[in-house]
Amino acid sequence: MSNLKLCQGTQCHTYHTQDRLKGVKGNKTYQTRRRSNFYYGNGNFCDQRCLYDWINTYIERGLDYFGRTKEPKHLTEDCAWVKNYDWRSNPDESHRHYFLNTITKERRPITEQQYDDNNYDINN
Ligand SMILES: [Zn+2]
């Protein structure tokens, strides 16, 4: 029992599902879900509804505490390179892999191995 995690949703106990209904006859309550593992919000919430209940309750305080974005951030040309490829249906022709600069639209050819290599970037 102590290894089970409690859903951190602020309203979890108010949703009327059979798995939340606990206790003996005459003394039953809907309770916050307890599980060994959750899949939402870094493993803290039983479902999306509970995740969004928490966000809606705490988001303003969180943004005030951690700092709001007050000016646009910029992604410059130097950082605008992505890997891409043109797919070829002809089996005699291989797909064409390349770096694409999403701002300038410049293309630089690379090999399929370079495309597949997660450590290979435009600066290699
Ligand atoms: Zn929940």
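Each reported figure results from applying straightforward, stated rules to the coordinates on display, with no laboratory input. All values derive from a computational prediction rather than experimental measurement. Because the Cβ atoms are built from the backbone with ideal geometry, glycine has one as well, and the counts that use them run over all protein chains shown.
A few notes on this one:
- Cα-based helix-to-principal-axis angle, 48-66 vs the chain, degrees rounded to 10: 70 degrees
- 21 Å Cα cut-off, lysine pairs counted over the chain (separation 8 or more, or different chains): 4
- Gyration tensor verdict on the range 6-109 (Cα atoms; rounded if a/c is under 1.5, prolate if a/b is larger than b/c, oblate otherwise): oblate
- Cα-based shape type of the range 55-124, given that a ≥ b ≥ c are square roots of the gyration tensor eigenvalues and the cut on a/c is 1.5: prolate
- Cα-centre dipole for the chain with unit charges at Cβ (Lys and Arg positive, Asp and Glu negative), debye to 20: 1200 debye
- A DSSP coil position with no more than 12 other Cβ atoms inside 10 Å describes the following chymotrypsin sites (Phe, Trp or Tyr not before Pro) in the range 82-113: W87.
- Computed [θ] at 222 nm, helices only, for the chain once each DSSP H run of length n ≥ 4 contributes -39500 (n - 2.57): -6000 deg cm²/dmol
- Between the amide H of Y40 and those of F45, distances stay under 5 Å, these residues lying 5 or more places away or on another chain, with hydrogens modeled in the peptide plane.
- Considering only I59, Q18, F99, the residue lying farthest towards the positive end of the dipole of the range 1-111 is Q18, judged by Cα position with unit charges set on Cβ.
- Potential lengthening of the chain between Y39 and T104 amounts to 19.5 nm, from the contour at 0.36 nm per residue minus the alpha-carbon distance.
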